[in-house]
Structure formats: structure tokens, C-alpha cells
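A.B. asks: One structure coming up, written as C-alpha cells, with questions to follow.
The values are calculated or read from the model by the stated rules, or taken from the named source; none is laboratory data. These numbers come from a predicted model, not from an experiment. Positions of Cβ are generated from backbone atoms using ideal geometry, with glycine treated the same way; all protein chains shown enter the neighbour counts. Note: areas computed on protein heavy atoms with side chains; ligands, DNA, RNA excluded. Shrake-Rupley method; radii C 1.70, N 1.55, O 1.52, S 1.80 Å.
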Amino acid sequence: MLVRKTIPAPQKPKLKKPKNKVLPNNGAFSSELKNIQLCNGADRSTPEPQIKGCTALIESGEETSLVLAVAYTNRGNAYAAKGDYDLAISDYDAAIKLNPAFAKPFNNRGVALQKKGEYDRAIKDFDEAIKLQPDYARAFANRAETYQKRHDYQRAARDYDEATRLAPTLEAVWNGRCWARAILGELQAALEDCNKALALQPNDAATLDSRGLIYLKMGQFDSAIEDYSSAIRIEPKMASAFYGRGLARIKKGNAAGGNADLAAAKKLEPKIADDFSNYGVR
């Protein structure tokens, strides 16, 4: 199944410079400031500097529980960026234990659980994040994405409604609602959402792929082919774009080109035909 790129990167809370804190010497103070900067993601060349900075703060034994909760959350984000979701979840667990009223580690743990396919647990974390912070647009968007992965498009659309209300400049929420509405058959509304997403982030492959599906369902095959081709130029291994373009080409009478696209899609994702059947397209 196509992985929709609608989940924003886990949010990274910021640590603040220590105030009125007695340190042994200027070198120690400078070292702590450097670790704070690293833990805040000052060096994003790889996740390793952030892990190193956060680990130094965690192991210093000098920080408050609230500061430690942020450090564990930030290190969890760095582990998640590496794909080390179990380590990330362990750090989010520690952050939550230190500060149970901190919404971000609940949201970010939900993202990590979703990446592992543990959708029910992920939804519970997003529920808690929203309970703690009712205007948390990213948590609504992430819960919507998880509902989509469970093929619960009605609930996904409702969460995207709230996310677009709270964060109308966040491209991912418009693309997410575009996709949900496309699956539900609300094609004109879906098209408007995709156009808004592309206005915010032009040349986004996932949104072009979503709009391609809308045009395919509308019978506007030339437009579908154009969007799918654009998506493939940006992400050459996007199976759904190959499959959708193949169907559109066949509808246009180009059986050879269409079948070649279908074969390429199935090579990338063997169950892609089942996905499109779930989308209401054959």
C-alpha cells in the first residue's frame, strides 16, 4: 500500500539556556550550552549529533525533570529519524513518565507506533495528545493518517477537517483530506483540497498522486496522466503513480503503454491492484 506523506516530522521542543545556575567553570558552561544546542537539533547533518547532545544532558544528572522530558523527547525524535522506532518509543516513554502533561511525546510516540503498524496504540496516544492540547493540529493530522491506514476514511476526513481549521497553512493536512475525500468519492471537494496543498507546496509527489486519482475517477484521463507522470518524475519508485497512469493510458486506448505501467507498479508493490480496488478503481 502506498505510504502517504502526510505526517509532519515529529515536533522538536526546544531546551532553554540555564539561568542562575552555578557551574564549575566557563568550560563546563560552554559544554552545557553546546549540548543544549545539539539536543535542539542545531546540527542536522545526521541524527547522531542530536542524540549525543541529548544523551549528555540526560546523563549529567543536573537537569530538572521538565528539562529531561524535553531531552528524552528530542532524542526520541532523532532515533525516529534513523528509523530506530523502538529506541524512540523508549525515550518517549521516559519523557511521559517525567512529565505526563507534556503533549508532544504522546504525539511523537503515536507517530513511531504508527510506523511500526501498531495503529490502535498510536490512536490512543494521539487521543491523549489532543486531550492535553486540544488545538494540536499535528496530532489531529497524525490520527487522521492512522485512521486512513485502517481504511476508516470517514473518521480520517473528520480529523482532517479539524486539522485544516487549526492549521490552514500546513500543506500535509490539505493533502491528507484530499486523499480521504478522493477515496470517499467526494471528488470536487477533494480536488479543491489538493489544489490548496499544491499551492502551499508545489511539486509534492504525494499530492500530485492524490490529484491523479481524482482525475482518474472523474474520467479526465489526460489530466490524470499528466499528474501521475509529474509524480513519477519526482519519485521514480511511486508504485501508485505507475498503476494509476497505466489505468488512465488503457482508458485512452494506449494498451501497450498502460500495461507497461501496470507491470512496473506491480514490480514495485505486488498488491497495488488490491489497493486500487479498495479505492474504488479497477
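A.B. asks: Residue by residue through segment 106-115, which ³J(HN,Hα) values in whole Hz follow from phi under the Karplus form 6.51 cos²θ - 1.76 cosθ + 1.60 (θ = phi - 60°), with glycine and proline marked x?
C.D. replies: Working through the residues one at a time gives 5, 4, 5, 5, x, 4, 4, 5, 5, 4 Hz.
A.B. asks: Express the C-alpha Rg of segment 50-99 as a ratio against the empirical globular expectation 2.2 N^0.38 Å, rounded to two decimals.
C.D. replies: On the way: Rg = 9.9 Å, N = 50, 2.2 N^0.38 = 9.7 Å.
Output field value: 1.01.
A.B. asks: How high is the relative contact order of the chain, given as a whole-number percent (alpha carbon pairs under 8 Å, six or more residues apart)?
C.D. replies: Once divided by the residue count of the chain, the mean separation gives 11 percent.
A.B. asks: Also: Could you quote the convex hull projected area for segment 56-202, Cα atoms only and averaged over all directions, in nm²?
C.D. replies: Details: hull surface 36.2 nm².
For segment 56-202, averaging the hull's shadow over all directions gives 9.1 nm².
A.B. asks: Quick check: the angle from helix 171-184's long axis to the longest principal axis of the chain, C-alpha only, nearest 10 degrees?
C.D. replies: 40
A.B. asks: If the limit is 28 Å between Cα atoms, which of 82/104; 116/237; 52/149; 196/266; 116/271 go over it?
C.D. replies: Values: 82/104 19 Å; 116/237 22 Å; 52/149 34 Å; 196/266 31 Å; 116/271 19 Å.
Listed pairs above 28 Å: 52/149; 196/266.
A.B. asks: In addition: Relative to the longest principal Cα axis of the chain, at what angle does helix 239-251 sit, 0 to 90 degrees, rounded to 10?
C.D. replies: Computed tilt is about 10 degrees.
A.B. asks: Same structure again: What does the C-alpha gyration tensor say about the overall shape of segment 141-282? Classify as rounded when a/c is under 1.5, otherwise prolate if a/b is larger than b/c, or oblate. Show your work: numbers first, answer last.
C.D. replies: Working: a/c = 1.92, a/b = 1.65, b/c = 1.16.
Judged from the Cα gyration tensor, segment 141-282 comes out prolate (a/c at least 1.5, a/b above b/c).
A.B. asks: Okay, moving on. In whole Hz and in residue order, list the ³J(HN,Hα) couplings for segment 267-275 that follow from phi through the Karplus curve 6.51 cos²θ - 1.76 cosθ + 1.60, θ = phi - 60°; x for Gly and Pro.
C.D. replies: 5, 6, 9, x, 9, 5, 5, 5, 4
A.B. asks: Next question. For the chain, give the magnitude of the charge dipole about the Cα centre (Cβ charges: +1 Lys/Arg, -1 Asp/Glu; no others), in debye to the nearest 20.
C.D. replies: Working: 43 positive and 35 negative charges, 34 e Å.
Result for the chain is approximately 160 debye, rounded to the nearest 20.
A.B. asks: What is the sum of charges around residue 106, taking Lys and Arg as +1, Asp and Glu as -1, for the other residues whose C-beta is under 10 Å from the C-beta of residue 106?
C.D. replies: Details: positive: 104, 109, 124, 131; negative: 125, 127, 128.
Summing Lys and Arg as +1 and Asp and Glu as -1 gives +1.
A.B. asks: I would also like to ask the following. So what does the Cα-only Debye profile of segment 26-85 read at q = 0.15, 0.16, 0.21 Å⁻¹, as log10 I(q)/I(0), no solvent term?
C.D. replies: Reported log10 I(q)/I(0), two decimals: -0.39, -0.44, -0.72.
A.B. asks: Lys/Arg Cβ at +1, Asp/Glu Cβ at -1, dipole of the chain taken about the Cα centre: which of 146, 88, 277 is farthest positive-ward?
C.D. replies: In the chain, that residue is 277.
A.B. asks: Just the number please: accessible area per residue for segment 138-282, 1.4 Å probe, all protein chains included, in Å². Numbers along the way, then the final one.
C.D. replies: Numbers: 6260 Å² over 145 residues.
Solvent-accessible surface per residue comes out at 43 Å².
A.B. asks: Sort 256-267, 123-134, 155-166 for me by packing, meaning the mean count of neighbouring Cβ atoms within 10 Å per residue, highest on top.
C.D. replies: On the way: 256-267: 16.8, 123-134: 18.9, 155-166: 20.9.
Highest mean packing first, the order is 155-166, 123-134, 256-267.
A.B. asks: For the chain, what does the helix formula give at 222 nm: sum of -39500 (n - 2.57) over DSSP H segments with n ≥ 4, over the residue count, nearest 500 deg cm²/dmol?
C.D. replies: On the way: 15 runs with 203 residues, N = 282.
That calculation yields -23000 deg cm²/dmol at 222 nm.
A.B. asks: Separate question: Return the ratio Rg/(2.2 N^0.38 Å) for the chain, where Rg is computed over Cα atoms only. Please report the intermediate quantities before stating the final value.
C.D. replies: Values: Rg = 21.8 Å, N = 282, 2.2 N^0.38 = 18.8 Å.
Against the compact-globule rule of thumb, the ratio is 1.16.
A.B. asks: Residue by residue through segment 72-86, which ³J(HN,Hα) values in whole Hz follow from phi under the Karplus form 6.51 cos²θ - 1.76 cosθ + 1.60 (θ = phi - 60°), with glycine and proline marked x?
C.D. replies: 5, 4, 5, 5, x, 4, 5, 5, 4, 4, 7, x, 8, 6, 5
A.B. asks: Now for a separate question. If the reach is capped at under 17 angstrom between alpha carbons, list the aspartates and glutamates near residue 34, excluding any in the same chain fewer than eight residues apart.
C.D. replies: Counting by Cα, and skipping residues close in sequence, residue 34 has these aspartates and glutamates nearby: 43, 48, 59, 62, 63.
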